[in-house]
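Taking it in order: structure first as structure tokens, then the write-up.
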């Protein structure tokens, strides 16, 4: 008997997690490489990355989890109540945190190097929290969903999560939305290999 195919919603969630995690882990390394090389940061690329986080993970990905995935789990797996409460708090705090991070980046760009440390500290906190959040979803939420959801539950989730195309996690055979293609190119060109199209980290910035 062939294994049951993974629901589209799960594939989308994991692919989007992987893309965001790669960017969040790579960005501090890129900034550190630029600091060592004494080269100025690419503020345009940094703004593009934070815009992407705000536009897709925060506004689309989280919204669909909070409105569809989590309520279904609350109904079918009440033992997850505390975990889901924690994750909902993360979603609410994430929207405020990304705005604060965008403000700190603007302050660094406009006010100079004296504001760099604050941005990098905030980025570190934001990234650590987000990575922890995604790990909890993948280790505590999705496995239980796989056990308790019925085909009609997955059909609704598949339709919802399949209705958008994350530019950093495009699905096979589906092109990136033309409106977001420049954003994808801007981000990947700035990130070093193997995640992006730029130079390796030891060559980033010169």
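Taken together, the values in this text are just the output of simple stated rules run on the coordinates, not laboratory data. Please read these numbers as outputs of a predicted model, since none were measured by experiment. Cβ atoms come from the backbone with ideal geometry, glycine included; neighbour counts cover every protein chain shown.
Annotations for the structure displayed:
- Between 57, 151, 71, the residue with the greatest mean-square fluctuation in the GNM of the chain (Cα pairs under 10 Å linked by springs) is 151.
- Per-residue Cβ neighbour counts within 10 Å put 66, 127 in the sequence 66, 127, beginning with the fewest.
- Nearest-ten-degree value, helix 43-53 long axis tilted from longest Cα axis of the chain: 10
- The C-alpha atoms of the chain define a longest principal axis, and helix 8-37 lies at about 20 degrees to it.
- Pair-distance distribution of segment 8-170: all C-alpha pairs, bin width 5 Å, starting at 0; shares per bin in whole percent are 1, 8, 17, 20, 18, 13, 9, 6, 4, 2, 1, 0.
- Listed by Cβ neighbour count within 10 Å, with the fewest neighbours leading, 43, 161 appear as 43, 161.
- The mean sequence separation of alpha-carbon pairs under 8 Å and at least six residues apart, normalised by the residue count of the chain, gives a relative contact order of 38 percent.
- Residue exposure proxy: 49, 111, 134, ordered by other Cβ atoms within 10 angstrom of their Cβ from fewest to most, comes out as 111, 134, 49.
- The chain: angle of helix 81-111 to the longest principal axis, Cα-based, in degrees nearest 10: 20
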